[in-house]
Amino acid sequence: MSHAYTGGCACGAIRYEISAEPMASNDCQCRDCQRKSGTGHGSYLTFPHRKDVKLTGEATHWDMVGDSGNVKSRGFCPTCGSPVYLTFSAWSDLFTIHAASLDDPTRYKPQAVTYHVRGYAWDHLDPALPKFEKMPPG
């Protein structure tokens with residue numbers, strides 16, 4: 001068994017420990033992720049079960065409707081503003097973290113690029129990764 005994924009916000013007010021392996025790791029080029037990150041994409045690890053997540057601290061949440069039409073809730077620190085995680089109304093058991101929130105961001109290994117149709121030529125991602133115009137089929 002590998003060691004837990006740990007991380008949190010920049011100031012340390014929000015922390016997580018996840019005892020499972022991610023089911024997916026992706027770079028997303030949707031417009032929402034571009035705005036949230038202030039650059040061309042967001043990078044995420046998605047875990048299949050919230051029961052595997054120990055979360056401490058109180059996040060502020062911002063709900064929005066994604067390109068899929070489903071509501072996603074972004075959890076971020078009210079003190080330092082760091083984005084930490086996402087949850088989804090349509091998939092209530094999933095828990096997604098921002099790769100940069102990891103204590104050891106080198107553990108992030110992207111598997112695909114989603115919403116590639118929204119990507120910019122200046123946002124250079126690994127050309128070997130599979131690219132999907134939107135979300136890949138489940």
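Go through the stretch 1-22 and give me each residue that's under 21 Å from Lys72 (Cα atoms), touching a residue at least 40 places away in the same chain (Cβ under 8 Å) and not β-branched (Val, Ile, Thr).
Those that are under 21 Å from Lys72 (Cα atoms), touching a residue at least 40 places away in the same chain (Cβ under 8 Å) and not β-branched (Val, Ile, Thr): Gly7, Gly8, Cys9, Arg15, Tyr16.
Can you tell me how many residues in the stretch 125-138 are part of a loop (DSSP other than H, G, I, E, B) and within 20 Å of Met23 (Cβ to Cβ)?
Filtering the stretch 125-138 down to residues part of a loop (DSSP other than H, G, I, E, B) leaves 125-130, 132-138.
Narrowing the set further to residues that are within 20 Å of Met23 (Cβ to Cβ) leaves 126, 129-130, 132, 134-138.
So the answer is 9.
Can you tell me which residue among Lys109, Lys51 is farther than 24 Å from Phe132 by Cα and of a type in the set (D, E, K, R)?
Values: Lys109 fails: farther than 24 Å from Phe132 by Cα.
On inspection, the qualifying residue turns out to be Lys51.
With the requirement that a residue be touching a strand residue (DSSP E or B) at 6+ places or on another chain (Cβ under 6 Å), at pLDDT below 95 and either assigned to a loop (DSSP other than H, G, I, E, B) or surrounded by fewer than 17 Cβ atoms within 10 Å (Cβ to Cβ) (or both), what does the stretch 106-124 give you?
Selection gives Tyr115 alone.
If you scan the stretch 25-74, which residues turn out to be within 15 Å of the chain's Cα centre (by Cα), surrounded by fewer than 15 Cβ atoms within 10 Å (Cβ to Cβ) and in a strand (DSSP E or B)?
Hits for the stretch 25-74 are His61, Trp62, Asp63, Met64, Val71, Ser73.
Any idea how many residues of the stretch 1-24 are among the polar types (S, T, N, Q), touching a Leu at 6+ places or on another chain (Cβ under 8 Å) and either in a loop (DSSP other than H, G, I, E, B) or modelled with pLDDT under 95 (or both)? Don't jump to the end; show me each part of the working.
So in the stretch 1-24, the residues among the polar types (S, T, N, Q) come out as 2, 6, 19.
Still in the list and also touching a Leu at 6+ places or on another chain (Cβ under 8 Å): 6.
Still in the running and either in a loop (DSSP other than H, G, I, E, B) or modelled with pLDDT under 95 (or both): none.
Residues that pass the stated criteria total 0.
Just checking, does the stretch 45-60 include any residue being of a type in the set (A, V, I, L, M, F, W, C) and touching a helix residue (DSSP H, G or I) at 6+ places or on another chain (Cβ under 9 Å)? Break it down stepwise before answering.
First pass over the stretch 45-60, keeping only residues of a type in the set (A, V, I, L, M, F, W, C): 45, 47, 53, 55, 59.
From the residues that got through so far, the ones that are touching a helix residue (DSSP H, G or I) at 6+ places or on another chain (Cβ under 9 Å) too are 45.
Within the stretch 45-60, one or more residues are of a type in the set (A, V, I, L, M, F, W, C) and touching a helix residue (DSSP H, G or I) at 6+ places or on another chain (Cβ under 9 Å).
For Thr60, work out the one condition from (1) touching a residue at least 24 places away in the same chain (Cβ under 8 Å); (2) more than 22 Å from Pro22 (Cβ to Cβ) it doesn't fulfil.
Just one mismatch for Thr60, condition (1).
Can you tell me which residues in the stretch 88-116 are within 18 Å of Gln29 (Cα to Cα) and either without any contact (Cβ under 8 Å) to a residue 24 or more places away in the chain or of a type in the set (Val, Ile, Thr) (or both)?
The answer is Phe88, Thr96, Ile97, Val113, Thr114.
The values are calculated or read from the model by the stated rules, or taken from the named source; none is laboratory data. What you see is a predicted model, and the numbers here were worked out from it, not measured in a lab. Cβ: placed from backbone, ideal geometry, glycine included. Neighbour counts: every protein chain shown.
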